[in-house]
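The next block holds one structure in the form of structure tokens; read it before the comments.
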Amino acid sequence: MTGIDAWWLLLPLAFFALGWLAARVDIRFVLREARSLPAQYFRGLNFLLRQEHDRAVESFVDISSRDPHALDLQLALGSLFRQQGKISEATRIHQSLVDRHDVPKDKRELAQFELAQDFHAAGLFDRAEVVYESLRGTAFEADAEARLASVLEQEKEWDKAIAARQRVERLTGTPQGRIIANYHCEIAEAAFLRCDQAGMHSALEAALTHNRNSGRVRLLQLRAAVKAEDWKVAEAALSELERVQPELIVLASDDVESLFRGLGQPQRWLEQLAGVQAETRSSVGLSRLIDASLKVEGREAALRRLKRVLADQPSAREAARWLELEAQVHGQEAAETMTAVAQLLRRATDRTPGFHCRQCGFQAPRYYWKCPGCNQWESFAATPLS
Ligand SMILES: [Zn+2]
């Protein structure tokens, strides 16, 4: 056998050696990665536990640039930071994902959606608006559009908010008419304040095309007609309000008084409030009713009404009024004591809210068309007497 022949015999051995070497290199690489990755995770976790959020963010951003599976971790962390009110940390995480070109499209769009929410939470409405708009045509379009509408509400950009709600309705099939009607009412109220009657009228008409049963529209129509002393239109608006949302009449007690005084029938103001109170039995309604009764029927009749209602529905606030009214016919000493007790009762009930949100329970002394607690439209109601 020649030397050349012998070399051929060594070939399989050479291939085996090369394969073994390649495998070793590969295993070493994998082992190094496996050892380094958990260390980085734990380092990030440690920073997180020590409340060193900046260093935790750096650590996790570094992991995700080397490990594509860490993207989900980063997204989860970003949401967590935002929920805890750490908006700048959340923004840094989401912005770093949006800026990277190696992140898959679906993950980058999710990061974009999260980033828009960070801007929204930070009150950076202009930037939130731009990012939400950039999500049109993506899987997040419908959610982004609804959130965009909420940004535009906060900016009082009613026309743009209406367009956004219409897109939400098209994309999701969920009716948005009640909310859109409120946007038109906001436009109408602004027009009313600057004495733009034509602007107010057209905004209210537009609101009705979205919600025929809007009590807010009827309230505004009533207010405008009373201001113009157009009693016929005011009466028609009140009768519509009574048909669609009679409980809202307590919000328009002054306008109803002006209307019936204008018609020379103040007794009807009282009847209107008594009718609402019989149905809704709220503390605000009772207060308005006794105010009206004192003005229209006088002290004696008002007291009789008050006692009748309080026997059935106790109210510390109105009990104070009872004492004050009774004090007027008593001698000085007794009157002073009764007035003092009435004042104590009033102070104790001063913070009793007249209205509450049916969705989240937020309480307030005044009515809100949009709940400051949960941002729901028309979720407020007069709090019933206990
Ligand atoms: Zn609420």
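Taken together, the values in this text are just the output of simple stated rules run on the coordinates, not laboratory data. Treat the numbers as computed from the prediction; the structure is a model and nothing was measured. Positions of Cβ are backbone-derived with ideal geometry, glycine not excepted, and every protein chain shown enters the neighbour counts.
Applying the Karplus relation 6.51 cos²θ - 1.76 cosθ + 1.60 with θ = phi - 60° to the range 240-245 yields 3J(HN,Hα) values of 5, 4, 5, 6, 8, 8 Hz, where x marks Gly and Pro. With a Förster radius of 56 Å applied to the beta-carbon distance between Phe42 and Cys360, the computed FRET efficiency rounds to 0.90.
Charged side chains reduced to their Cβ positions (Lys and Arg at +1, Asp and Glu at -1) give the chain a dipole of some 580 debye around its Cα centre.
Taking the Cβ of Glu257 as the center, what net charge do the other residues with Cβ under 15 Å away carry, scoring Lys and Arg +1 and Asp and Glu -1?
Working: positive: Arg223, Lys227, Arg261, Arg268, Arg288, Lys295; negative: Glu229, Glu235, Asp254, Asp255, Glu271, Asp291, Glu297.
Once positives and negatives cancel, what remains is -1.
Between helix 53-66 and the chain, what is the angle of the helix's C-alpha long axis to the longest principal axis, kept within 0 to 90° and rounded to the nearest 10? Long axis of 53-66 versus the principal axis of the chain: about 50 degrees. Between the helical axis of 197-210 and the longest alpha-carbon principal axis of the chain there is an angle of about 60 degrees. Which shape class, rounded, prolate or oblate, goes with the range 122-203 when its Cα gyration tensor gives a ≥ b ≥ c as root eigenvalues, a/c under 1.5 marks rounded, and past that a/b bigger than b/c marks prolate? Cα axes put the range 122-203 in the oblate bin.
Neighbours of Phe125 by Cβ distance under 15 Å: Lys/Arg scored +1, Asp/Glu scored -1, total -3. Close lysine pairs were tallied over the chain: pairs 8 or more places apart or on different chains with Cα atoms under 25 Å apart number 6.
Amide H to amide H distances under 5 Å link Lys370 with Glu378, where only residues 5 or more positions off or on other chains count and H is placed in the peptide plane. Helix 332-349 and the longest principal axis of the C-alpha atoms of the chain enclose an angle of approximately 20°. Ordering Val168, Pro353, Ala122 by Cα displacement along the dipole of the chain toward the positive end leaves Pro353 in first place; charges were set at the Cβ atoms of Lys, Arg (+1) and Asp, Glu (-1). Identify the GluC sites (Glu not before Pro) of the range 153-199 meeting these criteria: DSSP loop state and at most 16 other C-beta atoms within 10 Å of the C-beta. Within the range 153-199, the qualifying GluC sites (Glu not before Pro) (loop, at most 16 other Cβ atoms within 10 Å) are Glu155. When Rg and Dmax are taken over the Cα atoms of the chain, they come to 34.2, 141 Å. Computed over the chain, the per-residue total of -39500 (n - 2.57) for DSSP H runs of n ≥ 4 gives a 222 nm mean residue ellipticity of -24500 deg cm²/dmol, rounded to 500.
Largest mean-square fluctuation among Glu336, Glu205, Glu235, in a Gaussian network model of the chain whose springs join Cα atoms under 10 Å apart, belongs to Glu336. Placing +1 on the Cβ of every Lys and Arg and -1 on the Cβ of every Asp and Glu, with no other charges, gives the range 38-172 a dipole of roughly 220 debye about its Cα centre. For the range 44-122, applying the loop criterion from DSSP together with a ceiling of 11 other beta carbons within 10 Å to the trypsin sites (Lys or Arg not before Pro) yields Arg50.
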